[in-house]
1. Here is a list: Ser13, Ser52. Which entry is out of contact with any helix residue (DSSP H, G or I) (no Cβ under 9 Å at 6 or more places or on another chain), within 20 Å of Val104 (Cα to Cα) and surrounded by 14 or more Cβ atoms within 10 Å (Cβ to Cβ)?
2. Quick one: in the stretch 18-43, which of the residues that are charged (D, E, K, R) and more than 14 Å from Leu81 (Cα to Cα) is surrounded by the most Cβ atoms within 10 Å (Cβ to Cβ)?
3. With respect to Ser87, determine if the residue is at pLDDT 95 or above and more than 22 Å from Asn15 (Cα to Cα).
4. Surrounded by fewer than 14 Cβ atoms within 10 Å (Cβ to Cβ), out of contact with any Cys (no Cβ under 8 Å at 6 or more places or on another chain), more than 29 Å from Asn114 (Cα to Cα) and among the acidic types (Asp, Glu): does that describe Glu92?
5. Here are some residues: Leu79, Leu86. Which one is under 15 Å from Thr32 (Cα atoms) and touching a residue at least 12 places away in the same chain (Cβ under 8 Å)?
6. What is the residue count in the stretch 55-65 for residues that are surrounded by fewer than 21 Cβ atoms within 10 Å (Cβ to Cβ) and within 15 Å of Leu89 (Cβ to Cβ)?
7. Within the stretch 38-82, track down each residue that is farther than 14 Å from Lys100 by Cβ, of a type in the set (S, T, N, Q) and at pLDDT 95 or above.
8. Any residue at all in the stretch 82-92 that is within 22 Å of His31 (Cα to Cα) and in contact with a Gly (Cβ under 6 Å, 6 or more places away or on another chain)?
Amino acid sequence: MGRLKKLQQLAVSFNELKALPRQLDKLPNLHTIYAHHNRISQLSAGMGGLKSLQLLDVNHNWLSDFPMAVTKITLLQELDLSHNNLSELPTEIVQMRALKKLFVNGNPFLKDANLMSRNKPILKTLENNKTEVFY
């Protein structure tokens with residue numbers, strides 16, 4: 001995988017994957033990852049090295065902790081984390097200046113008033129930063 005230097009898009013949805021390949025950070029031209037509808041429970045720290053990534057779609061997976069490496073992807077414009085098991089978003093997400101769209105619908109924090117009260121300020125800050133939030 002690490003030798004596919006010209007790879008721009010990776011589509012591995014509906015494959016029952018438990019993880020994405022660790023060599024993804026070796027792909028300098030990768031700008032889109034579709035990995036929805038799998039069994040991914042975490043993303044590797046190397047994801048932060050994806051300097052060209054603009055779209056990351058990991059909806060309908062098993063993520064229970066926000067993948068912090070994602071906050072290091074400076075060009076990321078669209079992040080789909082919907083229908084995972086997230087109970088909170090990190091405050092670092094508001095520093096993602098290129099982020100234009102964030103999908104979080106179907107996560108537990110939206111259904112629990114206590115969890116939502118902790119996440120609401122982060123969501124509002126994102127919206128104030130011109131990020132469209134879908135929840």
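1. Details: Ser52 fails: within 20 Å of Val104 (Cα to Cα).
Only one candidate qualifies: Ser13.
2. Here is the first cut: in the stretch 18-43, the residues charged (D, E, K, R) are 18, 22, 25-26, 39.
Still in the list and also more than 14 Å from Leu81 (Cα to Cα): 18, 22, 25-26.
Values: Lys18: 12, Arg22: 13, Asp25: 19, Lys26: 17.
Among them, the one singled out is Asp25.
3. Numbers: at pLDDT 95 or above: yes; more than 22 Å from Asn15 (Cα to Cα): yes.
In short, yes.
4. Numbers: surrounded by fewer than 14 Cβ atoms within 10 Å (Cβ to Cβ): yes; out of contact with any Cys (no Cβ under 8 Å at 6 or more places or on another chain): yes; more than 29 Å from Asn114 (Cα to Cα): no; among the acidic types (Asp, Glu): yes.
When the stated conditions are applied, Glu92 does not pass them.
5. On the way: Leu86 fails: under 15 Å from Thr32 (Cα atoms).
Unique residue meeting the criteria: Leu79.
6. Narrowing the stretch 55-65 to residues surrounded by fewer than 21 Cβ atoms within 10 Å (Cβ to Cβ): 55, 57, 60, 62-65.
In the following step, the residues that additionally are within 15 Å of Leu89 (Cβ to Cβ) were identified as 63-65.
Of the residues in the stretch 55-65, 3 are surrounded by fewer than 21 Cβ atoms within 10 Å (Cβ to Cβ) and within 15 Å of Leu89 (Cβ to Cβ).
7. Listed by number, the residues that qualify are Asn38, Ser41, Gln42, Ser52, Asn59, Asn61, Ser64, Thr71, Ser82.
8. Here is the first cut: in the stretch 82-92, the residues within 22 Å of His31 (Cα to Cα) are 82, 92.
Narrowing further to those that are in contact with a Gly (Cβ under 6 Å, 6 or more places away or on another chain): 82.
Taking every residue of the stretch 82-92 in turn, at least one turns out to be within 22 Å of His31 (Cα to Cα) and in contact with a Gly (Cβ under 6 Å, 6 or more places away or on another chain).
The values are calculated or read from the model by the stated rules, or taken from the named source; none is laboratory data. Values in this document were obtained by computation on a predicted structure and should not be read as measured data. Cβ: placed from backbone, ideal geometry, glycine included. Neighbour counts: every protein chain shown.
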